[in-house]
Amino acid sequence: MSQKSLVPIGHVERMILEIRGRKVILDSDLASLYGVETRALNQAVRRNERRFPGDFQFRLTKEEKEKVVTDCDHLANLRFSPHLPVAFTEHGALMAASVLNSEAAVAMSVSVVRAFVRLRAMISSQAETLRKLEELEARVGEHDKTLVSLVAAVRQLMLPPAAPRPTIGFTAPENPTGAS
């Protein structure tokens with residue numbers, strides 16, 4: 001398979017969903033990427049069940065299926081399927097390519113892995129940006145407190161004195177005694 005016939009990573013990224021707090025790709029999308037029928041993919045997975053522990057793949061609940069069908073236009077055809085879809089994690093998607101053992105599946109698995117890696121990098125970058133933003137908010141919060149106290153002190157200095165101040169130092173009497 002030539003490099004030109006691979007699906008763009010952006011297309012694969014749109015197929016990756018977050019379900020149960022994990023990034024996954026559904027069996028129908030993975031089968032289409034690997035150039036096989038969904039039935040054939042799931043059959044190969046069942047035949048190699050030991051290679052697919054729970055952290056590699058899991059079956060969606062009815063509620064999860066309804067949510068992905070509602071949220072994802074490209075999954076509308078699942079609405080009428082009597083079967084609950086299987087969700088594959090990154091490792092499960094790779095293992096599926098190895099049990100299918102077709103040239104198309106092996107070549108496409110590279111794009112799938114790159115899409116998962118790119119999403120993981122984006123999430124990591126977002127977490128770092130969020131951490132820096134929180135640091136900045138804390139620093140600005142401290143600056144705000146300092147500025148408020150500074151403005152209060154300046155305002156206090158600008159107020160006229162409440163009572164006349166007594167003069168400090170020596171003052172000569174206006175009419176000295178003994179001088180006429």
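The values are calculated or read from the model by the stated rules, or taken from the named source; none is laboratory data. No experiment lies behind these values; they were computed from the predicted model shown. In this analysis, Cβ positions are derived from the backbone assuming ideal geometry, glycine residues included, and neighbour counts consider all displayed protein chains.
Does segment 68-91 hold any residues that are closer than 11 Å to Asp29 by Cα and at pLDDT 90 or above, and which are they?
Pro85, Val86, Ala87, Phe88
Out of the residues in segment 61-92 that are β-branched (Val, Ile, Thr) and free of Cβ contacts under 8 Å to residues at least 12 places away in the same chain, which is farthest from Val112 (Cα to Cα)?
Filtering segment 61-92 for residues that are β-branched (Val, Ile, Thr) and free of Cβ contacts under 8 Å to residues at least 12 places away in the same chain, the one farthest from Val112 (Cα to Cα) comes out as Thr70.
Is there a residue being closer than 26 Å to His11 by Cα, surrounded by 14 or more Cβ atoms within 10 Å (Cβ to Cβ) and not charged (D, E, K, R) anywhere in segment 116-127? Even if it seems obvious, please write down each step before you answer.
Going residue by residue through segment 116-127, those that are closer than 26 Å to His11 by Cα are 116-127.
Keeping just the survivors that are surrounded by 14 or more Cβ atoms within 10 Å (Cβ to Cβ) gives 116, 118-119.
Keeping just the survivors that are not charged (D, E, K, R) gives 116, 119.
Within segment 116-127 (the criterion being closer than 26 Å to His11 by Cα, surrounded by 14 or more Cβ atoms within 10 Å (Cβ to Cβ) and not charged (D, E, K, R)), the answer is yes, since at least one residue qualifies.
Is it true that some residue in segment 137-152 is out of contact with any strand residue (DSSP E or B) (no Cβ under 8 Å at 6 or more places or on another chain) and in contact (Cβ under 8 Å) with a residue 24 or more places away in the chain? Don't jump to the end; show me each part of the working.
Kept after step one, since they are out of contact with any strand residue (DSSP E or B) (no Cβ under 8 Å at 6 or more places or on another chain), are these residues of segment 137-152: 137-152.
Restricting the remaining residues to those that are in contact (Cβ under 8 Å) with a residue 24 or more places away in the chain gives none.
No, segment 137-152 contains no residue that is out of contact with any strand residue (DSSP E or B) (no Cβ under 8 Å at 6 or more places or on another chain) and in contact (Cβ under 8 Å) with a residue 24 or more places away in the chain.
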